[in-house]
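Everything below concerns the one structure shown next.
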Amino acid sequence: MNIKLNSNFDQLSENYLFSEINKRVAKYKEYNPNRDIIKLGIGDVTLPLGKNVIEALINASCEMGKKETFRGYPPEYGYNFLKEAILKYYKRFHVDLDLNSVFISDGAKSDLGNIVDIFGDNPIYIPNPVYPVYLDSNRMSGREIYYMVGSENNNFLPLPKDNMKESSIIYLCSPNNPTGSLYNQEELKKWVDFANKNGSLIIYDSAYEAFIDDDKYPHSIYEINGAKDCAIEICSFSKQAGFTGLRCGWTIIPIELESENHKINKLWERRQATKFNGVSYPVQRAAEAALSDEGILECKNNINYYMENAKLLSNLFDEKGIYYTGGKNSPYIWFKCPNGMKSWDFFDYLLENANVVGTPGAGFGTFGEGYFRITSFNTHEKTKEAIERLKKVL
């Protein structure tokens with residue numbers, strides 16, 4: 001065959017980070033089939049969906065079995081009932097949004113990867129370390145990428161610099177994946193002011209905002225004055241409501257966003273109509289239920305469960321005197337590998353000596369080398385057992 005391929009894929013690592021982790025764990029299990037592996041690696045939830053969510057999911061599924069309530073293709077941009085529930089949810093943060101600024105998706109990862117479709121060849125600024133999808137999706141498109149260094153010196157939260165190029169696309173994630181750090185109001189205001197002055201766009205990943213339990217940290221970038229003129233926000237039901245298996249999220253593109261005499265909202269609308277067939281009706285009804293007063297309470301109970309795990313894990317690192325970020329307002333703990341070990345070496349060491357799986361920091365960027373991420377998404381019992389094992393090897 002002699003067809004031309006997208007040569008930009010040559011810039012990607014051979015395996016996606018979590019695929020590589022799964023391969024290593026599977027190989028270890030092959031030779032050690034009786035070992036009990038505790039997974040604190042991938043950010044997948046373990047608690048079941050809330051009662052209100054399940055009832056809504058069942059009822060909506062039953063509607064699909066009756067002629068008078070059957071529904072075919074869902075709207076590409078989402079049903080209004082869910083979009084209205086999202087608008088109500090944002091009012092909890094004193095944020096008012098236009099209904100047409102909300103787009104329902106099958107998860108934040110999809111929109112974070114696909115949003116590049118509507119933009120031209122702009123300079124891209126990505127935190128390092130950070131969630132791999134930002135980098136890989138732009139590499140696939142052959143864009144010019146610059147890194148914003150995260151380190152212990154800035155608590156892994158890069159701030160604007162004068163030498164950044166104008167008219168850029170800037171990715172921010174708060175609470176951050178993988179480091180668990182998050183921007184406060186003042187820091188986020190610096191980014192918004194910079195983007196408006198610089199003619200740049202912020203793509204703001206708020207997938208973990210439901211874990212924020214401190215008023216000094218914004219849940220949405222739109223809590224900052226001027227953000228509607230420079231920011232797109234992408235969020236998810238995956239961690240907030242446990243929808244990792246159902247798949248649902250949303251993207252906010254304010255009507256105010258405009259460039260080259262084009263409404264960015266309209267470009268995304270056109271892209272979605274062409275390439276996306278929408279999220280199923282039962283899933284959207286379930287998502288609506290998750291945002292009801294009762295649903296939010298159920299989701300909060302699950303989040304509190306995970307944050308109890310995070311507290312136990314944080315206590316371990318406090319006792320050991322190991323540097324870490326996260327563990328508060330975030331389900332992730334990001335810590336320095338002991339004895340100067342490299343990330344993947346520590347991954348193998350932890351797997352072999354403690355039978356605990358985490359995520360090597362190097363998988364999130366070059367400046368993640370020497371660090372490691374663990375999550376609080378396992379059960380209390382498994383987390384406590386993992387802590388006992390970690391105590392012996394750290």
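FYI, it's all coordinate maths here, none of it is from the lab. The model shown is predicted, which means the values in this text are computed figures rather than measured ones. All Cβ positions, even for glycine, are placed from backbone atoms using ideal geometry, and neighbour counts span all protein chains on display.
Run the dipole for the range 140-217 about the Cα centre, Lys and Arg Cβ at +1, Asp and Glu Cβ at -1, nothing else charged, and hand back the magnitude in debye, nearest 20. Please list the in-between numbers first.
Details: 7 positive and 12 negative charges, 71 e Å.
Dipole of the range 140-217, to the nearest 20 debye: 340 debye.
Under a 10 Å cutoff between Cα atoms, tell me which one of ILE54, ILE322, ILE264 has the largest fluctuation in the Gaussian network model of the chain.
ILE322
Within 10 Å of each candidate Cβ there may be at most 10 other Cβ atoms; applying that plus a DSSP loop requirement, which trypsin sites (Lys or Arg not before Pro) in the range 82-164 survive?
Working: sites: LYS83, LYS88, LYS91, ARG92, LYS109, ARG139, ARG143, LYS161; in loops: ARG92, ARG143, LYS161.
Those that pass, being in a loop and sparsely packed, are LYS161.
Can you tell me what share of the DSSP beta bridges in the chain is antiparallel? A percent to the nearest 5 is fine.
55 percent
Would you look at the GNM of the chain, springs on alpha carbons closer than 10 Å, and say which of GLU30, GLU76, GLU152 moves the most?
GLU30
Given labels modelled 7 Å from the Cα in the Cβ direction, how far is it in nm from ARG271 to ASN8?
The modelled label-to-label distance comes out at 1.1 nm.
Pull up the cross-link candidates among the lysines for LYS311, meaning alpha carbon to alpha carbon under 24 Å and not fewer than 8 places away within one chain.
List returned: LYS39, LYS216, LYS239, LYS300, LYS320, LYS328, LYS336, LYS382, LYS384, LYS391, LYS392.
Quick one: which residues, 5 or more positions from ILE170 or on another chain, have an amide H under 5 Å from its amide H? H modelled 1.01 Å from N in the peptide plane, none for Pro or chain starts.
TYR125, LEU201, ILE202, ILE203
For Cα pairs less than 8 Å apart in space and 6+ apart in sequence, what is the mean separation divided by the residue count of the chain, i.e. the relative contact order in percent?
Here the relative contact order equals 23 percent.
Hey, with R₀ at 25 Å, roughly what FRET efficiency would ASN34 and ILE322 work out to, going by the Cβ-Cβ distance, to 0.05?
0.25
Tally Lys and Arg at +1 and Asp and Glu at -1 over the other residues with C-beta under 9 Å from the C-beta of TYR222: what net charge comes out?
-2
Classify the range 9-137 from the C-alpha gyration tensor, please: rounded if a/c falls under 1.5, else prolate or oblate depending on whether a/b exceeds b/c.
oblate
Can you give the net charge of the other residues whose Cβ lies under 10 Å from the Cβ of LYS51, counting K and R as +1 and D and E as -1?
Computed value for this residue: -3.
Hey, got a sec? Which GluC sites (Glu not before Pro) in the range 162-226 land in a DSSP loop and have at most 16 other Cβ atoms within 10 Å? If you can, show how the numbers build up before the last one.
Values: sites: GLU166, GLU186, GLU187, GLU209, GLU223; in loops: GLU166.
Those satisfying the criteria are GLU166.
Counting only helical runs of four or more DSSP H residues, what would the 222 nm mean residue ellipticity of the chain come to if each run contributes -39,500 (n - 2.57) and the total is spread over all its residues?
My calculation for the chain gives -12000 deg cm²/dmol from helical runs alone.
Please give the contour-minus-distance gain from ASP162 to MET64: 0.36 nm per residue of separation, less the Cα-Cα distance, rounded to one decimal in nm.
Length difference between fully extended and current span is 29.8 nm.
For the range 125-178, what class follows from the C-alpha gyration tensor (a ≥ b ≥ c being the square roots of its eigenvalues): rounded when a/c is under 1.5, otherwise prolate if a/b is larger than b/c, else oblate?
Oblate, because a/c is 1.5 or more while a/b does not exceed b/c.
Tell me, what is the FRET efficiency for GLU260 and ASP44 to the nearest 0.05, using R0 = 56 angstrom and their Cβ-Cβ distance as r? Show your work: numbers first, answer last.
Numbers: r = 40 Å, r/R0 = 0.72.
Here the calculated transfer efficiency is 0.90.
Which of rounded, prolate, oblate describes the range 336-383, given a ≥ b ≥ c as roots of the alpha-carbon gyration tensor eigenvalues and a/c under 1.5 marking rounded, otherwise prolate only if a/b is larger than b/c?
oblate
Counting chymotrypsin sites (Phe, Trp or Tyr not before Pro) as exposed when in a DSSP loop with at most 14 other beta carbons within 10 Å, what is the longest stretch of the chain free of them?
Result, exposed sites excluded: 94-322.
Calculate the FRET efficiency for LYS300 and GLU385 from the Cβ-Cβ distance with a Förster distance of 25 Å, rounded to the nearest 0.05.
The formula returns an efficiency of 0.45 here.
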